Amino acid sequence: MEFLNHGPLKLLHDGGPVMWPLLVCAILSIAVMIERFIAINKASADNEVLSEQVREHLHAGRVNDALQVCEEHPGPVASLLASGIRNRNMDSDAIERTMEELALRETPLLYRRLGMLDTIITIAPLLGLLGTVTGMIKSFHVVGSSQGLNNPNAITGGVAEALLATATGLAIAIVTLVGYNYLTEKVKEIIAEMEIRATQLMNILAGIRGGEGVRGEVTASRA
């Protein structure tokens, strides 16, 4: 087939049948990395500004405004703060438990499909190794045939298949590993920020309650 003698299709053809599952791995890896990059970057939007706005609204007594800001802001940090604000009338332990429950629900969403990248990192070199074995078997079959020594192109074809499959599997694994490590670190940063923002909110609510308690004591003493 003439169209297999040009460009990437020639590499797929020369690398043997293992190249097709490697192609699937490459496509899945690229698709997942792009999708997760967009989703994780959206989840790690500017939470410093959000936290400051929530602080200002709560100190000014504008609870509904603080809640609205959180609901309009994307990402798990905003959802966590909104949960704490909605349950602000509970005791501190109950508020903390509700936010922990939400964090436990949000964390798997951040890690979604990253396991697929981890699998590709493992399986791509193994597929390349399988291609190496099949390519070398093909070469040895040619050498062992009666016309093997008179057909060097067939021998080198098997060696080329082995090398192409190995190189492709390693290339896919290396690129996927870089993307996987980057995305995993971003997820860890978001989880750490969720913990920090939740603690800040707890401190804000505790401060507001403390201020209300002091004002109540002063009013009672004046009465």
Any chance S51 is touching a residue at least 60 places away in the same chain (Cβ under 8 Å) and not β-branched (V, I, T): yes
Checked A60, A26, A78 against criteria (farther than 30 Å from G169 by Cα and at pLDDT 90 or above); the one match is A78
Test: residue in the range 190-204 that is within 28 Å of the chain's Cα centre (by Cα), closer than 26 Å to T119 by Cα and either surrounded by 13 or more Cβ atoms within 10 Å (Cβ to Cβ) or at pLDDT below 90 (or both): yes
List the helices (runs of 4 or more DSSP H) that sit entirely inside the range 63-112 and contain at least 3 residues that are basic (K, R). none
Would you pick out the residues in the range 166-185 that are under 18 Å from A31 (Cα atoms) and not small (G, A, S)? T168, I172, I174, V175, T176, L177, V178, Y180, N181, Y182, L183, T184
I'm trying to understand the selection: among the residues of the range 49-62, which are part of a helix (DSSP H, G or I), more than 32 Å from the chain's Cα centre (by Cα) and surrounded by fewer than 16 Cβ atoms within 10 Å (Cβ to Cβ)? E56, H59
Being part of a helix (DSSP H, G or I) and either modelled with pLDDT of 75 or more or aliphatic (A, V, I, L, M) (or both): is that true of L149 here? no
Name the pairs whose Cβ atoms lie under 9 Å apart, with the first residue in the range 20-46 and closer than 15 Å to E185 by Cβ and in contact (Cβ under 8 Å) with a residue 60 or more places away in the chain, the second small (G, A, S) and assigned to a helix (DSSP H, G or I), and 6 or more positions between them or separate chains? M33/G179; R36/G179; F37/G179
Assess whether L11 counts as being at pLDDT below 85, touching a helix residue (DSSP H, G or I) at 6+ places or on another chain (Cβ under 9 Å) and not aromatic (F, W, Y). yes
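The values are calculated or read from the model by the stated rules, or taken from the named source; none is laboratory data. The model shown is predicted, which means the values in this text are computed figures rather than measured ones. Quick reminder, even Gly has a Cβ in these numbers, built from the backbone with ideal geometry, and neighbours come from all protein chains shown.
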